[in-house]
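Down below is the structure, laid out as structure tokens.
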Amino acid sequence: MSQIIDENDQIQPPGHSAPPHGTAAPADVSATWASADLPSPLPMADAALPAQLRDLTERARGYVEAASSANTRKAYASDWKHFSAWCRRQNLSPVPPDPQVVGLYITACASGTTERGMKANTVSTIERRLAALGWNYAQRGAQKLDRKDRAIATVMAGIRNKHAAPPRQKEAILPEDLIAVLETLGRGSLRGIRDRAMLLLGFAGGLRRSEMTGLDLGRDQTEDGRGWIEIFDKGALLTLRGKTGWREVEIGRGSSDATCPVAALEAWIKFARLAKGPLFRRVTGKGKDVGPDRLNDQEVARLVKKTALAAGVRGDLSEAERGQMFAGHSLRAALASSAEVDERHVQKQLGHVSAEMTRRYQRRRDRIRVNLTKAVGL
């Protein structure tokens, strides 16, 4: 295993020798190999390049960034920073990729010894960290990380066998709960009108957080938009770019304006005086103004958790337990669990590629739909 650490605890790339004692590592070295910023596989625009090639380089870099979501890029950057920091503390180098080093790292992650006071990572977190390392090595033009090497694959298999557990699903906010949740929102405030529209639209559409906050009022209105809305007499049509590509989500009008997602959406657009750009925005000026900035998708999770707690949903549990049970996925799970229609319609609405994935979101359903015991005559 390579150990290329200088006296200033700076990680050096292959081929570099550590500088003399007391000499700082070159700034570009530490920025390239120890930074949390995601790298680009394309060369930086150079003044020596013709102008048209510099422009193409910048455009290509934009496409590279668009190849993954902002949340994925943020997670991968954080994972590379985490791995680099662990390597520094162990006097190891993260480059070139060394399966033995990575094997020791995921062992530390599983045992909670990557840094003082940290808990052991879950299996899913460790798998994501491995994916992030492979991606980062590829983007930095380094040698490919061989995840099938026994120093990684065998350790990872043991981690899965020893620590894997069923996923902890978020609690669904069912229709009867949603009505109570909506009552916690102020009817006369801009923030309350916006939050009501978000909850009802997220519930009826089975939307992901990023799909909801990525909506614009019309097509091609913003560079960071991930879809747009169209409102008709019978309901609303959302055109979304999600994990599985573009899809359309139809949301019909409800039986009552109090719980109708389309009516709530129209009220928000009217009172916020929106004409173009992001649909869901920050409310500013002590709740009296609407800013131009798009809401962060984390705001959806916070809204669901805050209102579910305020409404007393699952009041049979402690507040600490309830606080862990609700998030943005509670709305998607609610639609999957509540819609009394053919499962295929729910699958299409949620944008799932398989019925099995849709069933994972169903919190209440007939679990034993096919009785094989009786089918064999027992």
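Below is a table of values for the structure above.
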item: Helices (runs of 4 or more DSSP H) contained in the stretch 175-253 and holding at least 1 residues closer than 25 Å to K288 by Cβ and in contact with a Pro (Cβ under 9 Å, 6 or more places away or on another chain); result: 190-205, 209-213
item: Yes/no for R226 being over 23 Å from the mean Cα position of the chain (by Cα) and assigned by TED's automatic domain parsing to the domain that holds F326; result: no
item: Tally of residues being outside any loop (DSSP other than H, G, I, E, B), under 18 Å from V101 (Cβ atoms) and of a type in the set (A, V, I, L, M) across the stretch 141-174; result: 6
item: Of all residues in the stretch 289-323 being among the basic types (K, R) and not in a loop (DSSP other than H, G, I, E, B), the one that is modelled with the lowest pLDDT; result: R322
item: Which numbered condition P292 fails, given (1) under 15 Å from M198 (Cα atoms); (2) touching a residue at least 12 places away in the same chain (Cβ under 8 Å); result: (1)
item: Sole exception among (1) in a helix (DSSP H, G or I); (2) at positive phi for K286, by number; result: (1)
item: The listed residue being surrounded by fewer than 23 Cβ atoms within 10 Å (Cβ to Cβ) and either within 17 Å of A308 (Cα to Cα) or modelled with pLDDT under 95 (or both), out of R196, R187; result: R187
item: From the options A60, A66, A34, A51, residue that is of a type in the set (A, V, I, L, M, F, W, C), closer than 28 Å to N296 by Cα and modelled with pLDDT of 75 or more; result: A60
item: Qualifying residue in the stretch 258-272 (condition: within 23 Å of the chain's Cα centre (by Cα), more than 15 Å from L331 (Cα to Cα), of a type in the set (G, A, S) and modelled with pLDDT of 95 or more); result: no
item: Criterion (surrounded by fewer than 18 Cβ atoms within 10 Å (Cβ to Cβ), touching a residue at least 12 places away in the same chain (Cβ under 8 Å), not polar (S, T, N, Q) and not assigned by TED's automatic domain parsing to the domain that holds L199) met by exactly one of G141, G117, G112; result: G141
item: Among (1) touching a Pro at 6+ places or on another chain (Cβ under 9 Å); (2) crowded, with 18+ Cβ neighbours inside 10 Å, the one test that V290 misses; result: (1)
item: Residue check, R160 without any contact (Cβ under 8 Å) to a residue 40 or more places away in the chain and of a type outside the set (S, T, Y); result: yes
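The values are calculated or read from the model by the stated rules, or taken from the named source; none is laboratory data. For clarity, every value in this text was computed on a predicted model and none was experimentally measured. Don't worry about glycine lacking a Cβ; one is built from the backbone with ideal geometry, like all the others, and counts go over all protein chains shown.
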